[in-house]
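J.: Here it is, the structure, as structure tokens.
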Amino acid sequence: MGGPLAGLSVVDLTTTLTGAHISQTLADFGCDVVQVEPPGGSPLREQPAWPFLARAKQSIVLDLDDADDRAVARGLAANADVVVETWRPGVAERLGLGYDELAALNPRLVFASVTGFGRDNPWSHLKGYEQVVLAKIGGLDAFSGLSDRPGPSYVAAPYCSFTASQLALHGILAALVEREDSGLGQRVDTTLVQGILAHDTWNWLIQQIIASYGDAFTAAPPQDQARLIPHSPLFFRLMAAQSKDGRFMQLSQTQDRLWDAFLRLTELDKLLDEPEWKDAPGSEDPDVRIAFWEKALDVMRSRTYDEWLEGFDREPDVWAEVFRDGSELLHHPQMVFDGRTVVIEDPAVGPVLQPGPIVKMESTPAQLGAGAPALDEHSTAIRAALASSTAAAPAAASSDAGTEPPLAGITIVELGTFYAAPFGATLLADLGARVIKVEQLDGDPIRHIMPFPEVGGVKVLQGKESVAVDMASDAGREIVLELVRRADVVLQSFRAGVAERHGYTAAEMLAVNPDLVYLNAPGYGTGGPCGHRPAFAPTIGAGSGLAYRNVGGVGNLPQSPDIGMEELKRATMRLGGATMTLGQADGFSASGVATAMLLGILAKKRGGPGQEMTTSMLSTMAHCLAEDMVEYTGRMPIRTPDHDLYGLDARYRLYEAADGWVFLAAPAHDDWEALAGALQLGAALRDDDTALASALTEQFLTKPAAEWEALLVPLDVTCVEVAKAPVEKLVMLGGMGEALGIITPETHPIIGDYPRLTPTVTLSRTAGVTGPAPLCGEHTDSVLAELGYDGDAITALREAGTIG
């Protein structure tokens, strides 16, 4: 079989990064993608990553303000399987390209829309620029620690855009899975807001606990960046440091055994044996925490990075990833070992080194090879084919075309811990898949990572069934194998070597169930130089280049190994905040895991075989940071924010107002015309960025932020007040989430009532589901009974310590 999506056609009406990621993934796996570009071409053509974002697509230029060209677009949609658009609500309908009109022509059509805030709420009218979304929900304020100046910071990583592209892919692929039975398409909707909210692991529940038990708890971030004070023991386990040769490193020793191994390797365990240092990382005295932090930083600066690598080989439970910048990820030893990069000959720029497919599929692999198209290259052929074609006859609804969730009947067995892979399964549970989580007897460690019971694990466990089993025992393995025999998908995210030791490899699972979709989703890989290393969000954020992207590049931090302790502490806190604030590599990776599983499910639904597939946190981050992940002769650098992280230029940046801050987003020609008219800016300022920034800085200081938004937005100038963090308190608990229609009440036996996100993608005909988070082993007995174990057998297994 060719690519899993071979024979499907896609019309991409977008000029945004979100839309480009959606259609690039669909093109990689076999879809014929027609990229509709405006006169003059997509603005994405100006990005260095265009050869990656547009690979294997076809280009046609259509002026959608022209009636004849709109008719061409409608003709393409009438024959397509998927249409993708990212306009503001109402634009597609005004152009005659809305879902209702197109579905009347083509009932099998899957129509995917990504908006900034959704279709009908107080923020729907705002243009969906990433920074505008972050500004309105408190995201830019949450990243205030990225720069040395006070106030919110511009953040460069595509937290909203990339994650929203994956959420849209989840909806598209799930709708195509459902269409195989019903014969009908449907509308798929998600938002940039949902993209960023998918990242939060537990912060919104911490805010809920504080609100519920205000006398017992107070809110505090893991660190006080202004006063350089670490607040939490977790700060030390996720500490950034510098080596003797000046390389910044990121540690991730979240579990006790990993932390103990780190203390042994660094000999800090001897320090903690002394009475005055006992429990120093969790001391009530901030001076003790600061002193321990300084000692730990000094220890890390006592050896070169290569010397530390030798120590990590002796203690494989200890790992510190080096912070990479730009396109260095393409040369990461693990990426090279796994063959995660490809060189594609691009007609315009020659050979381009770039990320390979987001998931490796053994039986239905991606179909790469073609470079990006020239502008309007395929117009003649597309128009000729359209002229000779007839639109598909309206499909009759199948008897199976009900309103069940799109993944109803799909069973996933989850073997993994923490967030990056397991939350991918959670996203599919929200679309109706049955997810059986096989946990160790004392539960997934994420349940215990926060000081309040279960808070750390609720989000990643929602909608699943928990079966607590000693997977290393023979009897436990038999239970797992019996689950696998009945499953459609197995998701495993162990470090390299674990599946082999316990008999849970793809070969062993496929021998039990040849139709199985088996996805490896580790941090680094299933083997190679780093596959056995501990991988958590901070380490992957460092190694992928996420952190340096957020702080404006390697040049924005000191690199000398001789910097003083105060400067070192400030630099490492900034780097730590750049990997783990509002979003992190876990959220990006989880969304990629869900996409990968759906590709496997759809391939099987379309007649493909069971197969092994592999993705990783590291390889997903190469796609996420694609704007910088290309190398070719003559490549221009990507645009980066200024040193103080105000923004990219005068028309797309933060400004301080008389009271608070605003974010101005006026990058396009029409945006400039509206801005210049509203503020009476002379034409000469348009091409003098420095002078324009100075003039706007003075002008915005004359009114409060809320007044500027009230004045300019009705004039179609996107200038919004920057909301104060925390995001979780504002959106999940403060009413904004209800107004957006993206939260729903849920109950947990320990936490009580709490708000949770609705499914992060909405399908018009087949609704998603929201289920509670189980306690550890809550479904062990019921699932074993379903497998044929009687009461006596279950009792014997429990007495033997096989089940919990």
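J.: Looking at (1) part of a helix (DSSP H, G or I); (2) modelled with pLDDT under 95, find the lone condition where Val783 falls short.
T.: With (1) part of a helix (DSSP H, G or I); (2) modelled with pLDDT under 95 applied to Val783, the lone miss is (2).
J.: Right, here's the next one. What residue, of Pro774, Pro755, is open to solvent by less than 40 Å² (accessible area, probe 1.4 Å), touching a strand residue (DSSP E or B) at 6+ places or on another chain (Cβ under 6 Å) and within 18 Å of Glu728 (Cβ to Cβ)?
T.: So the residue among Pro774, Pro755 that is open to solvent by less than 40 Å² (accessible area, probe 1.4 Å), touching a strand residue (DSSP E or B) at 6+ places or on another chain (Cβ under 6 Å) and within 18 Å of Glu728 (Cβ to Cβ) is Pro755.
J.: Same structure, new question: I need the helices (runs of 4 or more DSSP H) fully contained in region 13-79, keeping only those with at least 1 residues that are in contact (Cβ under 8 Å) with a residue 24 or more places away in the chain and open to solvent by 40 Å² or more (accessible area, probe 1.4 Å).
T.: Details: elements: 17-28, 50-53, 67-78.
It comes to 67-78.
J.: Separate question: Condition first: among the aliphatic types (A, V, I, L, M) and surrounded by fewer than 18 Cβ atoms within 10 Å (Cβ to Cβ). Now tell me which residues in region 649-673 satisfy that. Steps first, answer last, please.
T.: Start the filter on region 649-673 by keeping residues that are among the aliphatic types (A, V, I, L, M), which leaves 650, 654, 657-658, 662, 664-666, 668.
Hits for region 649-673 are Ala658, Ala668.
J.: Scan region 700-714 and give yes if some residue there is under 30 Å from Asp200 (Cβ atoms), part of a strand (DSSP E or B) and open to solvent by 40 Å² or more (accessible area, probe 1.4 Å), otherwise no.
T.: no
J.: Does region 504-538 hold any residues that are open to solvent by 30 Å² or more (accessible area, probe 1.4 Å) and charged (D, E, K, R), and which are they?
T.: If the condition is that a residue be open to solvent by 30 Å² or more (accessible area, probe 1.4 Å) and charged (D, E, K, R), then Glu508, Asp515 are the ones that fit.
J.: Within region 364-376, is there a residue that is open to solvent by less than 40 Å² (accessible area, probe 1.4 Å), more than 17 Å from Gln24 (Cβ to Cβ) and of a type outside the set (A, V, I, L, M, F, W, C)?
T.: Narrowing region 364-376 to residues open to solvent by less than 40 Å² (accessible area, probe 1.4 Å): 364, 366, 371-373.
After this cut, where a residue has to be more than 17 Å from Gln24 (Cβ to Cβ) as well, the list is 364.
Cutting the leftovers down to of a type outside the set (A, V, I, L, M, F, W, C) gives us 364.
Within region 364-376, one or more residues are open to solvent by less than 40 Å² (accessible area, probe 1.4 Å), more than 17 Å from Gln24 (Cβ to Cβ) and of a type outside the set (A, V, I, L, M, F, W, C).
J.: Which condition number in (1) out of contact with any His (no Cβ under 7 Å at 6 or more places or on another chain); (2) modelled with pLDDT under 95 is the one that Gly497 fails?
T.: (1)
J.: Could I ask something else about it? Filter region 182-205 for residues that are in a helix (DSSP H, G or I) and either open to solvent by less than 50 Å² (accessible area, probe 1.4 Å) or touching a His at 6+ places or on another chain (Cβ under 9 Å) (or both) and give the result. Steps first, answer last, please.
T.: Restricting attention to region 182-205, the residues satisfying the condition of being in a helix (DSSP H, G or I) are 182, 192-197, 203-205.
Scanning region 182-205 gives Ser182, Leu192, Val193, Gln194, Gly195, Ile196, Leu197, Trp204, Leu205.
J.: Of all residues in region 578-601, how many are open to solvent by less than 10 Å² (accessible area, probe 1.4 Å) and either touching a Pro at 6+ places or on another chain (Cβ under 6 Å) or of a type in the set (Gly, Ala, Ser) (or both)?
T.: Matching residues across region 578-601 total 13.
J.: Are there any pairs with C-beta distances below 7 angstrom linking a residue in region 274-295 that is farther than 20 Å from Lys569 by Cβ to a residue that is open to solvent by less than 70 Å² (accessible area, probe 1.4 Å), with the two at least 6 apart or on different chains, and if so which?
T.: Sorted first by the residue in region 274-295, then by its partner, the pairs are Lys278/Leu272.
J.: Let me ask something additional. Taking the conditions exactly as written (at pLDDT 95 or above and not acidic (Asp, Glu)), does Ala397 satisfy them or not?
T.: Details: at pLDDT 95 or above: no; not acidic (Asp, Glu): yes.
The answer is no for Ala397.
J.: For region 129-144, state whether one or more residues are under 24 Å from Thr760 (Cβ atoms) and polar (S, T, N, Q). Outline the logic, then answer.
T.: Of the residues in region 129-144, the ones under 24 Å from Thr760 (Cβ atoms) are 129-143.
Now drop any that are not polar (S, T, N, Q), which leaves 131.
Checking region 129-144: at least one residue is under 24 Å from Thr760 (Cβ atoms) and polar (S, T, N, Q).
J.: What's the total number of residues in region 667-726 that are charged (D, E, K, R) and over 28 Å from Gly145 (Cα atoms)? Outline the logic, then answer.
T.: Going residue by residue through region 667-726, those that are charged (D, E, K, R) are 670-671, 673, 686-689, 698, 703, 707, 709, 716, 721, 724.
Add one more test, that the residue is over 28 Å from Gly145 (Cα atoms), and what stays is 670-671, 673, 686-688, 716.
Residues flagged as charged (D, E, K, R) and over 28 Å from Gly145 (Cα atoms) within region 667-726 amount to 7.
J.: Anything in region 737-763 that is part of a loop (DSSP other than H, G, I, E, B), of a type in the set (A, V, I, L, M) and under 24 Å from the mean Cα position of the chain (by Cα)? List them, or say none.
T.: Within region 737-763, the first condition is being part of a loop (DSSP other than H, G, I, E, B), and the residues that meet it are 741-742, 749-751, 758-761.
Next, only the ones that are of a type in the set (A, V, I, L, M) stay: 742, 750-751, 761.
Within region 737-763, Ile742, Val761 qualify.
J.: Quick check on region 510-528. Is at least one of its residues in a loop (DSSP other than H, G, I, E, B) and closer than 26 Å to Tyr154 by Cα? Outline the logic, then answer.
T.: Step one: list which residues in region 510-528 are in a loop (DSSP other than H, G, I, E, B), which gives 513-516, 521-528.
So of that shortlist, the ones also closer than 26 Å to Tyr154 by Cα come out as none.
No, region 510-528 has no match at all.
J.: Pick from region 101-142 the residues that are closer than 25 Å to Thr640 by Cα and assigned to a loop (DSSP other than H, G, I, E, B): which of them is most open to solvent (accessible area, probe 1.4 Å)?
T.: Top of the filtered list is Tyr129.
J.: Could you list, in sequence order, all residues of region 446-480 that are more than 25 Å from Thr747 (Cα to Cα), free of Cβ contacts under 8 Å to residues at least 40 places away in the same chain and either in contact with a Gly (Cβ under 9 Å, 6 or more places away or on another chain) or not charged (D, E, K, R) (or both)? Full working, then the answer.
T.: We begin by selecting, within region 446-480, every residue more than 25 Å from Thr747 (Cα to Cα); these are 469-480.
Next cut, free of Cβ contacts under 8 Å to residues at least 40 places away in the same chain only: 472, 474, 477-478.
Residues satisfying the conditions are Ala472, Arg477.
J.: Exactly one condition in (1) closer than 30 Å to Val349 by Cα; (2) modelled with pLDDT of 95 or more; (3) not in a helix (DSSP H, G or I) is false for Arg639; which is it?
T.: Here Arg639 clears every test but (2).
J.: If Leu730 passes every condition in (1) open to solvent by 20 Å² or more (accessible area, probe 1.4 Å); (2) touching a helix residue (DSSP H, G or I) at 6+ places or on another chain (Cβ under 7 Å); (3) in a loop (DSSP other than H, G, I, E, B) but one, which one does it miss?
T.: (3)
J.: I would also like to ask the following. Evaluate region 214-221: report whether one residue or more is within 14 Å of Pro451 (Cα to Cα) and open to solvent by less than 30 Å² (accessible area, probe 1.4 Å).
T.: no
J.: Output the helices (runs of 4 or more DSSP H) that fall wholly within region 419-503 and possess 1 or more residues being open to solvent by 40 Å² or more (accessible area, probe 1.4 Å), under 26 Å from Ala800 (Cα atoms) and touching a helix residue (DSSP H, G or I) at 6+ places or on another chain (Cβ under 6 Å), or say none.
T.: On the way: elements: 422-429, 458-461, 474-485, 498-502.
Qualifying helices (runs of 4 or more DSSP H): 474-485.
J.: Another question, then. How many residues are of a type in the set (A, V, I, L, M) and assigned to a helix (DSSP H, G or I) if we restrict to region 206-223?
T.: 4
J.: Now a separate question. Every residue in region 327-351 that is of a type in the set (Gly, Ala, Ser) and farther than 15 Å from Gly528 by Cβ, please.
T.: Of all residues in region 327-351, those of a type in the set (Gly, Ala, Ser) come to 327, 339, 348, 350.
Ser327, Ala348, Gly350, listed by residue number.
The values are calculated or read from the model by the stated rules, or taken from the named source; none is laboratory data. A quick note: this is a predicted structure, and the numbers were derived from the prediction, not measured. Neighbour counts are summed over all protein chains in view; Cβ atoms, including those assigned to glycine, are modelled from backbone coordinates with ideal geometry. Please note that ligands, DNA and RNA were not included when accessible areas were found on the heavy atoms of the full protein model with its side chains. Shrake-Rupley method; radii C 1.70, N 1.55, O 1.52, S 1.80 Å.
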